[in-house]
Amino acid sequence: MAAASHEKSLPPGPYTEPPAQPKKSTLFSAFSPLANASSRFSSWRTALGLPNPGTVENLQKEVKTTHLTNFIFDGARADLMKGLSMDPAFQVTHSFQLASQSAPPTYSFGALFANSKGLLQGNVDHEGNVSGRFQQNWSGSNISKVQAQLGMQPGHTMIQLEHDYSGLDYTLNGKVINPSPLDGSGIYVGSYLQSVTKKLALGIETLYQRAPDQAEVSSSYLAKLTGSDGKWIATAQFQPIGVLQATYWHKLSEKVEAAADLQVIAAPMRRDAIATIGAKYDLRMSTFRAQLDSTGKVSALLEQRFAPSFAFTVAGEIDHFKNAAKVGVGVMIESTSLTPEEMGMVPPPGQPHF
Amino acid sequence: MPSEETKERVVRAIDFGRTVLHYGWIPFIIYVGYTRSNPQPSLIKLISPLA
């Protein structure tokens, strides 16, 4: 690279250079110190060997998959999943949900199609509310995403357009939520995360909210510290209005992960803090998650797989301060129209397959 | 600033697009999945929860 730009920085020879492009060559020679510097800078940057820090959206991914906040449910539910094709992946899901304390019984139908270039996903419930996701992988580093929610009543519509760019040691993300082409209102979010050393990444996320008569900008600052060989990850997210979220995740062994999360709100109007600790055990046929938080909630979730295509889930939560409890029971049945050979896996001898 | 008439037209176009997406998204995924799947599934298996 450096040699190539050195050649460009040589004064243009009057014999080799066609007379039609004198302007271009002077332009080149004028910018060549800059190009030289930038190529030296980029080779220096490559030599540092900084890893890609991952996206801002996935900053707390490990903590979120260890904690059961995103997985817990109450009442009874059944999911019938049907795989119709493996490559490209195509599956449909019928979900039934009953007897929840907080939500009415629902039925929903979902469809998913995915290949290496992208993903199409949709969900429709019995009232006709549709939610959808579309993802297009342009190349290894460019991903566009669209998410939409379309309700039956007007005003229950949300659309989010998003683009991710992952560079060598940084990630850029731009997001637009409910943009209006008429008055430019909507929510615009931009984020940038940069690896500073092999272990530390720093970032900023800026949110610009624009309504027809007012606009508002707020930023938050991010930091992510990764331990050697990825055994632990600590993250912090700070908003200058007085919100701090700090998380810590540790992989204790192949099968056990623990995570802690602390959220502090110290705004003039409201002062509050919640701490959550949790652990996840990945056993051969089951996953067990347990969690305790400072609002007095103790919860646990067990996913037990009895057969490759049949899983049973039990969830429970006790709120000691409010004296309330929630219990959930679920079954998940996966059926497929494919033979094991078509799915690309050969069952081990001696194990019955369904 | 666009005129009132253009505004009206844009709002109507957005509304129409939303309706198309609302009713067409799931059938579109099923169509894409059905035609690109390998092997191609039968339609009854695709829709019915029991088959």
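The values are calculated or read from the model by the stated rules, or taken from the named source; none is laboratory data. Everything numeric here is computed off the predicted structure, so don't read it as measured data. Cβ placement follows ideal geometry from the backbone for every residue including glycine, while neighbour counts extend to all protein chains displayed.
For residues that are of a type in the set (S, T, N, Q) and under 14 Å from A:Gly330 (Cα atoms), scanning just the range A:73-105, find the one that is nearest to the other protein chains (Cβ to nearest Cβ).
A:Ser95
For (1) at pLDDT 85 or above; (2) facing another protein chain (nearest Cβ under 7 Å); (3) surrounded by 11 or more Cβ atoms within 10 Å (Cβ to Cβ); (4) not in a loop (DSSP other than H, G, I, E, B), each residue gets a yes or a no:
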site: B:Glu5; (1), (2), (3), (4): yes, no, no, yes
site: B:Ile14; (1), (2), (3), (4): yes, no, yes, yes
site: B:Leu21; (1), (2), (3), (4): yes, yes, yes, yes
site: B:Gly24; (1), (2), (3), (4): yes, no, yes, yes
site: B:Gly33; (1), (2), (3), (4): yes, yes, yes, yes
site: B:Ile44; (1), (2), (3), (4): no, no, no, yes
site: B:Leu50; (1), (2), (3), (4): no, no, no, no
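Return the total of residues in the range A:94-122 being among the polar types (S, T, N, Q), buried (at least 17 other Cβ atoms within 10 Å of the Cβ) and touching a helix residue (DSSP H, G or I) at 6+ places or on another chain (Cβ under 8 Å).
The total comes to 1.
What pairs come up if the first residue lies in the range A:44-68 and is of a type in the set (Ser, Thr, Tyr), the second is assigned to a loop (DSSP other than H, G, I, E, B), and their beta carbons are under 8 Å apart, counting only those six or more places apart or on different chains?
A:Thr46/A:Leu168
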